[in-house]
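Please treat every number below as a calculation from the coordinates, not as lab data. Small disclaimer: the values here were computed from a predicted structure and weren't measured. Here the Cβ is made from the backbone with ideal geometry for all residues, glycine too, and neighbour counts use every protein chain on show.
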Amino acid sequence: MSIVQSVAERIIDNVSKVIIGKRNEIRLTVLGLLCEGHILLEDVPGVGKTMLARALARSIGASFSRIQFTPDMLPSDVTGVSVFNQSTREFEFRPGPIMAQIVLSDEINRATPKTQAALLEAMEEHQITVDGKTYRLEDPFLVIATQNPIEYEGTFPLPEAQLDRFMLRIRLGYPTPQEEIAMLDSQQYQHPLQTLQQVVTVEELLAAQRAVREIYLNYDIKNYIVGLVTTTRQHPDVYLGASPRGALALFRTSQARAAIAGRDYVIPDDIKALAESTLAHRVIVGPNARIKDISASSIVQSIVNAVSVPGATVGARY
């Protein structure tokens, strides 16, 4: 698993030069990249969501595009459009910004549901269809979307189908005073992103992604994952629980976490550490619980505390 550890640590160290004091959040982002899963960055403005996406793209030398979502955007502004060429008398496809390896969907909840839906096929099937013709997206393909959770005017809440396609939801949070001083020092003369170098090739990343899928999970661990997901569907404060895609997200991210730690098998601590990031955004809180200000994150955490953990044989191969 040295390839996974090497790739992950090089990316994390490099991005940490730009996003100071958020190593755990950067690690979660790299987990999503290694699992070929999309990421939702949900936090207040100015904490570095956009810079995180740009630094990640520079670190692996991937093609990068940014889509600034607005209420007047059309689906063709995302996917591209066929334009009639007068000289050849034929239609030519002009690709949209979705045709990149890392796509930053900035303020995704400002777009109308129709435009948000333009991302669904790309996120799930790594392809887009325009005028009846399908175009394959280049690997690796990752959508990093941002949204401001406290701003409601002029926004459209993400539908459940859209939220479910994000493998992880990550919140960066404010830096500590010491980290904020370090940020001021690092940007005194120029932004560190301007000098950030590529540290991993796309080929190395693809090899690491293949290696992650070789990580072993025994029956007890798989049963533990399913037990957590099933409990979200039965919880009295939950209107709609996590989907089977949520179980798969927890499965994949636990493999990546184990690989980064140098293990070729998953342990319960991997599952517990990732349950909130992979499941909370898939849980819809019931109306009575919302009145009591009970959050999906607190519900998932209570489920993790309540569901029994598999025994000491989790590393055994049988």
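Quick look at the numbers
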| item | result |
| --- | --- |
| Peptides ranked, highest mean first, by Cβ atoms within 10 Å: ranges 234-240, 294-300 | 294-300, 234-240 |
| Using alpha-carbon coordinates, inclination of helix 49-60 to the longest axis of the chain, degrees | 80 degrees |
| Ranked packing of 176-187, 157-168, most packed first, by mean Cβ within 10 Å | 157-168, 176-187 |
| Between 0 and 90°, nearest 10: helix 2-15 axis offset from the chain longest Cα axis | 60 degrees |
| Amide H contacts under 5 Å for Leu172, placed H, 5+ residues apart | Glu42 |
| Label-point separation in nm, Phe156 to Ser302, each point 7 Å along Cα→Cβ | 3.4 nm |
| Reach of Lys49 by Cα under 22 Å, taken over lysines that are not fewer than 8 positions away in the same chain | Lys17, Lys22 |
| Tensor-based shape of region 197-318 (alpha-carbon gyration tensor, a/c under 1.5 rounded, otherwise prolate or oblate) | oblate |
| Degrees separating the helix 244-260 axis from the principal Cα axis of the chain, which is the longest one | 80 degrees |
| Rounded, prolate or oblate (a/c below 1.5 giving rounded, otherwise prolate when a/b exceeds b/c) for region 172-246 by Cα gyration tensor | oblate |
| Answer label, with semi-axes √(5λ) of the Cα gyration tensor in Å calculated from the coordinates and candidates (i) 31, 25, 22; (ii) 48, 24, 17; (iii) 36, 24, 19 | (i) |
| From phi via Karplus (6.51, -1.76, 1.60), per-residue ³J(HN,Hα) for region 125-131 in Hz, x at Gly/Pro | 10, 6, 7, 10, 10, 10, 6 |
